[in-house]
1. Which order do the peptides 70-79, 40-49 come out in when sorted by mean C-beta neighbours inside 10 angstrom, highest first?
2. Kindly write out, for the stretch 19-36 in residue order, the coupling ³J(HN,Hα) from the Karplus curve 6.51 cos²θ - 1.76 cosθ + 1.60 (θ = phi - 60°), rounded to whole Hz, with x marking Gly and Pro.
3. Can you list the residues, at least 5 places off or on another chain, whose amide H is less than 5 Å from the amide H of CYS13, using H built in the peptide plane?
4. What percentage of the solvent-accessible surface of the chain, computed with a 1.4 Å probe over protein heavy atoms, is contributed by carbon and sulfur atoms?
5. Which of LYS56, LYS153, LYS126 ends up with the largest GNM mean-square fluctuation for the chain, with Cα atoms connected below 10 Å?
6. Might you report the magnitude of the Cβ-based charge dipole of the stretch 1-147 about its Cα centre, with Lys and Arg at +1 and Asp and Glu at -1, to the nearest 20 debye?
7. Excluding ALA6 itself, what net charge comes from residues whose Cβ is under 12 Å from its Cβ, given Lys and Arg +1 and Asp and Glu -1?
8. Charges only on Cβ, +1 for Lys and Arg, -1 for Asp and Glu: so what's the dipole of the stretch 68-162 about the Cα centre, in debye to the nearest 20?
Amino acid sequence: MLLTEAIRKRYSCRSYDETRPIEQEKLDRIFELARLAPSAKNMQDWRFVVVTEKDKKSRVAGCTNQSDIFKKAGAIIAACSNSDYVMTCGQAIGPIDVAIILDHIALLATELGLATCWIGSFQADKVKTILGIPEGIAVIELITIGYPAGDEKHTTREPVENIVCYNEWVF
Ligand SMILES: Cc1cc2nc3c(=O)[nH]c(=O)nc-3n(C[C@H](O)[C@H](O)[C@H](O)COP(=O)(O)O)c2cc1C
């Protein structure tokens, strides 16, 4: 699948086929390629806990506000950062670097016939306890990944002219 196709096809999936686990080869391929994502100073301070065990997945899903949906995904990935480095521009690299690699993960998953959903609405402290994530490591985001059960539901986007200008801020 071309990158442009994957970008167009990706959507936030909120309906998973719980009878279809994700093949380990697919997870391996996703992480093998996703790790090529850029990161500030090439620190690669991201770490991932891939939750595939049914009970643990349910418990992690229970830390979100849509647990019945997300627990059916083949896996819930806790995307973590062990960096508190702040760039000269004032922005922390942790969430930025994790967001870049998560987007790689979402697009690679799409290419492999899987679907994903980013989850920011979750209780990070509870997730950390369930997964044994130590203090000092931040759970930046969760992402579900799995075989979809329903139709693709695509959302709308602003037209380019509403979000891009050249040479001077005109918004
Ligand atoms: C940082 C981030 C956090 C999000 N958190 C949630 C969430 O907690 N629950 C949820 O159902 N979707 C969540 N989403 C999915 C967005 O709602 C979705 O990406 C957006 O509505 C656009 O739809 P699409 O992904 O289907 O194109 C999140 C997406 C991003 C990028």
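The values are calculated or read from the model by the stated rules, or taken from the named source; none is laboratory data. Treat the numbers as computed from the prediction; the structure is a model and nothing was measured. Glycine also receives a Cβ, built like all others from the backbone with ideal geometry; neighbour counts cover every protein chain displayed. What goes into the accessible areas is simple: the full protein's heavy atoms, side chains included, and nothing from ligands, DNA or RNA. Shrake-Rupley method; radii C 1.70, N 1.55, O 1.52, S 1.80 Å.
1. 70-79, 40-49
2. Karplus values, whole Hz, x for Gly and Pro: 7, 10, x, 7, 4, 4, 4, 5, 5, 4, 5, 4, 6, 4, 8, 4, 5, 7.
3. Residues meeting the criterion, in which the H sits 1.01 Å from N, are THR116, CYS117.
4. Ligands and nucleic acids excluded, carbon and sulfur give 50 percent.
5. LYS153
6. It works out to roughly 280 debye.
7. Result for the local shell: 0.
8. Using only the charged Cβ atoms, the result is roughly 340 debye.
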